[in-house]
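Single-structure report; data block below.
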Amino acid sequence: MSAFTSLPIIDISLADNPETKPKLLQDLEHALFRVGFLYLINHGIEQEARDILELAPKSFEVPQAEKDAVAMTTNPHFVGYTALGMEYTAQHVDIREQYDFGSARDPDPLFREDDTVEPWRRLKGPSPYLPDSVLPGFEKTVTTYIAGMERVASRLLDLIAECLNLPPETFHQFEADMNRLKIVKYPPPKAEEIEKAGGAFLHGGSQFQGVGPHKDSSGMFTFVLQDNVGGLEVLNQAGEWIPATPLQDSFVVNIAQGFEALTGGRCGATTHQVISPSENVTRYSIPYFHSIRLDLTKQDIDNQLSFIKGRIPEPSDLKKRAVDVPSEFIQPQYKTFGDAHLRNRVVSHKDVAKIWYPKQDAIYNSA
């Protein structure tokens, strides 16, 4: 099978018609298990998507003091504002500024401040928002969009189960209640600032790293809402980077490490990167991460999903995997998905780790 050179388009509204649904399920299976990426269109929340894209530039124009007041360093949940150059991917600085949010309103009730409780339980908790006095409608727009994305993701999970000839509700038992969202700004690159900050170059030095090559660790699937600038690239089976060219009113959907775990690694999380925009151009991107239970263990997967064996197509991306970045959860040192996810957050946000997770910071960031 030849490597893909563009992303397939999945019209999820075709699932509403019994006559078009069978072909949709066939196309969805191919897109997920042979390509790993897709455009999702006619998803039903086009207006919510336009609203949050319109809000995105305004959120970075507020005074720096207001952004700092909701900084990620103010809480242990890895939500809030992150300044330019303060997140790391593939051991290099990402040239982006962003806000992170979670859908949870309350902390994990099982978390306590002692060594008898898993530290990853601290990841769940409320998000800080810019107040209406600073940016009117900010929290409402974000929470409305998250709620809409939860509906879209839930519907897609139903269809993914059906395309594997499983009951629609199969994967819902693995969902968590801390779905995550980012609003990201990629500014025009300045070579001297990037090199000074420890940034990286991509494509043999011809492009700057907005975000380095990685697999999403924050859930089962990622849904990326893009503006019209572009810069997102995906890795195909031949180990080639393919641009995910912006498509109006669509989401770029990719498999994250949670779904890879549910399939025992047979359906690999898909690798992608972001190149910084051209000079004098700013890019905005809004990825939504549909969560997976952090208490999930490998034994849970073996016990509860043994019935999917034989239903998932054989991997056809061995060449890609040879140059791919590793997935964390399928590594033997992690007892739960929460352990692997916490490690990822600690390595990515070192400033937060130093304040809230000093033990994990000493282990993972000491090199």
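A few comments on the model shown:
- Comparison of LYS67, LYS58 shows that the only residue that is out of contact with any Asp or Glu (no Cβ under 8 Å at 6 or more places or on another chain), over 30 Å from ARG121 (Cα atoms) and basic (Lys, Arg) is LYS58.
- From VAL134, VAL142, residue being in a helix (DSSP H, G or I), among the aliphatic types (A, V, I, L, M) and more than 21 Å from HIS214 (Cα to Cα): VAL142
- Within region 99-137, the set of residues being at pLDDT below 90 and surrounded by 16 or more Cβ atoms within 10 Å (Cβ to Cβ) comprises just one member, PHE111.
- Within region 57-78, residues that are crowded, with 19+ Cβ neighbours inside 10 Å have Cβ atoms under 7 Å from residues that are hydroxyl-bearing (Ser, Thr, Tyr) in these pairs: SER59/TYR99; LYS67/TYR81; VAL70/TYR81; VAL70/TYR129; MET72/TYR81; MET72/THR82, counting only partners at least 6 apart in sequence or on another chain.
- Among residues of region 285-319 being of a type in the set (Phe, Trp, Tyr) and at pLDDT 90 or above, the one that is nearest to ASN228 (Cα to Cα) is TYR288.
- Residues of region 200-235 that turn out to be polar (S, T, N, Q) and modelled with pLDDT of 85 or more, as a count: 3
- First in region 1-21 and of a type in the set (Lys, Arg), second anywhere and in a helix (DSSP H, G or I), Cβ under 9 Å, 6 or more apart: LYS21/LEU14; LYS21/ALA15; LYS21/LEU159; LYS21/GLU162
- Within the set LEU24, LEU40, LEU32, LEU28, the sole residue that is outside any loop (DSSP other than H, G, I, E, B), over 21 Å from the mean Cα position of the chain (by Cα) and surrounded by 15 or more Cβ atoms within 10 Å (Cβ to Cβ) turns out to be LEU24.
- Of the residues VAL352, VAL346, VAL325, the single one that is surrounded by fewer than 19 Cβ atoms within 10 Å (Cβ to Cβ) and either under 20 Å from HIS214 (Cα atoms) or modelled with pLDDT of 75 or more (or both) is VAL325.
- Taken together, ALA15, ALA3 contain a single residue that is modelled with pLDDT of 95 or more, under 29 Å from THR271 (Cβ atoms) and either assigned to a loop (DSSP other than H, G, I, E, B) or among the hydrophobic types (A, V, I, L, M, F, W, C) (or both), which is ALA15.
- Of all residues in region 234-276, those satisfying the criterion of being farther than 13 Å from LEU32 by Cα and among the hydrophobic types (A, V, I, L, M, F, W, C) are VAL234, LEU235, ALA238, TRP241, ILE242, ALA244, LEU247, PHE251, ALA261, LEU262, VAL274, ILE275.
The values are calculated or read from the model by the stated rules, or taken from the named source; none is laboratory data. Since this is a predicted model, take the numbers as computed values, not measurements. All Cβ positions, glycine included, derive from the backbone under ideal geometry; neighbour counts span all protein chains shown.
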